[in-house]
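A quick write-up on the structure given underneath.
Only the coordinates and a few stated rules stand behind these numbers; no lab work does. Only a predicted model underlies this, so the values are computations on that prediction, with no experimental measurement involved. Note that we place each Cβ from the backbone using ideal geometry, even for glycine, and neighbour counts take in every protein chain shown.
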Amino acid sequence: MRNGYGAVDSAECIKEINRSGADILWVGMGSPKQNLWMKRHRSNITVPVVQAVGDAFAIVAGTKARGPKFIQKAGLEWLVRLLRHPVRFFTRYVIGIPFFMSIIIRQKLSMARTVRGA
């Protein structure tokens, strides 16, 4: 276990991870820091599964509050995060996700046309 604020980019840290014998490495540094870290170090890590977990540790530890149960069940917890931190999450939720979904829809439509035309 490392706190993510020390020498996590050091060769010694990577060696320590590899010596651990772990089957799964959970990286919870927050986005995009954890994703950049995994991209930078994945080729040197021998752990078979490396997974970004974001705020999961803070939620399990009870240091970060979640939305109400009915919001969680409705799959709208992202809305609570957006309302609590609009500046931080506006680009991700209001621009990024719809843009990503439009790419998926265009790709699906393009594949459907290709199949029909074949």
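Could you tell me which of the pairs 15/108; 39/64; 15/73; 39/108; 15/69 are separated by over 32 angstrom between their Cα atoms in the structure shown?
15/108; 15/73; 15/69
Averaged across orientations, what area in nm² does the convex hull of the alpha carbons in the stretch 1-64 project?
If I average the Cα hull's projected area over directions, I get 4.2 nm².
Find how much the distance from residue 42 to residue 71 grows on full extension, using 0.36 nm per residue of separation minus their present alpha carbon separation; answer in nm with one decimal.
6.9 nm
Using helices alone, I'd like the mean residue ellipticity at 222 nm for the chain: each DSSP H run of four-plus residues gives -39500 (n - 2.57), total over residue count, nearest 500.
Calculated from helices alone, the mean residue ellipticity at 222 nm is -15500 deg cm²/dmol.
For the stretch 1-64, build the charge dipole from Cβ charges (+1 Lys, Arg; -1 Asp, Glu) around the Cα centre, then report which of 18, 36, 61 sits farthest towards its positive end.
36
Semi-axes of the equivalent ellipsoid of the chain: what are they in whole Å, largest first, if each equals the square root of 5 times a C-alpha gyration tensor eigenvalue?
32, 24, 13
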